[in-house]
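Participant: The structure is given below, and queries will be raised subsequently.
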Amino acid sequence: MKKILTIVGMLVFCTMLVLVAGCTKTETPVATPTIATPEPTIETNVPTPVPTSVSSTPGPTQTLPDMWSLEVQVAGNGEAIDPQITTTIRGGKGLNFILAVDVKITRADGKVETGSITRHTTFRVGDSVSLPVTSEMGNVNRVEIWATDPQGNQVKIFDDYVPFRTYN
């Protein structure tokens, strides 16, 4: 008898939790139509700023929300004959949600290389793209990585110098 009362009590308690949490469907209020008044349009000729040169200085980055997080690895191949920098996806909760990963490399000679990591149905650990860079020593290749979140916003998740060769 005590088991039955305990089970019934737990069911009543769980039902109360669901109701208090707001997990029940509520009616949406009926929207009242409003009459829009036309706004006067004022035309202004504001010149659009045009960058005069490519910046090779890394700037600030943003962080994706934890539910869309993405981990990337950026490394040079170390070959002087064919210097490349490879960007590889290493995991994260956003593998199924991120829409695109774009890579932009600004080389020391001012040339800009761009590429995208190919997305099949979703991203997978190990998906990568390699782009050519200069073989000059030091931190001369600026790498920027942009991720497109499910809402269509581009977020810069990486921006730093990456040498094509390291001596560790």
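Participant: I'd like to know if the range 92-101 contains one or more residues that are of a type in the set (F, W, Y), touching a Pro at 6+ places or on another chain (Cβ under 9 Å) and crowded, with 16+ Cβ neighbours inside 10 Å.
Facilitator: Yes, that holds for at least one residue.
Participant: Taking into account only those residues within the range 151-163 that are assigned to a loop (DSSP other than H, G, I, E, B) and either of a type in the set (V, I, T) or touching a residue at least 24 places away in the same chain (Cβ under 8 Å) (or both), which is surrounded by the fewest Cβ atoms within 10 Å (Cβ to Cβ)?
Facilitator: G152
Participant: Something else now. Report whether or not T87 is in contact (Cβ under 8 Å) with a residue 24 or more places away in the chain, part of a strand (DSSP E or B) and touching a Leu at 6+ places or on another chain (Cβ under 9 Å).
Facilitator: In short, yes.
Participant: Is it the case that the range 49-65 has a residue that's hydroxyl-bearing (S, T, Y), farther than 25 Å from I105 by Cα, surrounded by 10 or more Cβ atoms within 10 Å (Cβ to Cβ) and at pLDDT 70 or above?
Facilitator: no
Participant: Would you point out which residue out of A100, A75, A80, A108 is among the aliphatic types (A, V, I, L, M), out of contact with any helix residue (DSSP H, G or I) (no Cβ under 6 Å at 6 or more places or on another chain) and over 26 Å from T166 (Cα atoms)?
Facilitator: After ruling out the rest, the residue left standing is A100.
Participant: Any idea which of T114, T148 is crowded, with 16+ Cβ neighbours inside 10 Å and in contact with a strand residue (DSSP E or B) (Cβ under 8 Å, 6 or more places away or on another chain)?
Facilitator: T148
Participant: What residue, among those in the range 98-141 that are more than 18 Å from the chain's Cα centre (by Cα) and in a strand (DSSP E or B), is nearest to D82 (Cα to Cα)?
Facilitator: P132
Participant: A further question follows. What residue, among those in the range 119-145 that are more than 15 Å from T88 (Cα to Cα) and of a type in the set (G, A, S), is surrounded by the most Cβ atoms within 10 Å (Cβ to Cβ)?
Facilitator: Top of the filtered list is S135.
The values are calculated or read from the model by the stated rules, or taken from the named source; none is laboratory data. Remember, it's a predicted structure, so these values are computed and weren't measured experimentally. Backbone-built Cβ (ideal geometry, glycine too); neighbour counts: all protein chains shown.
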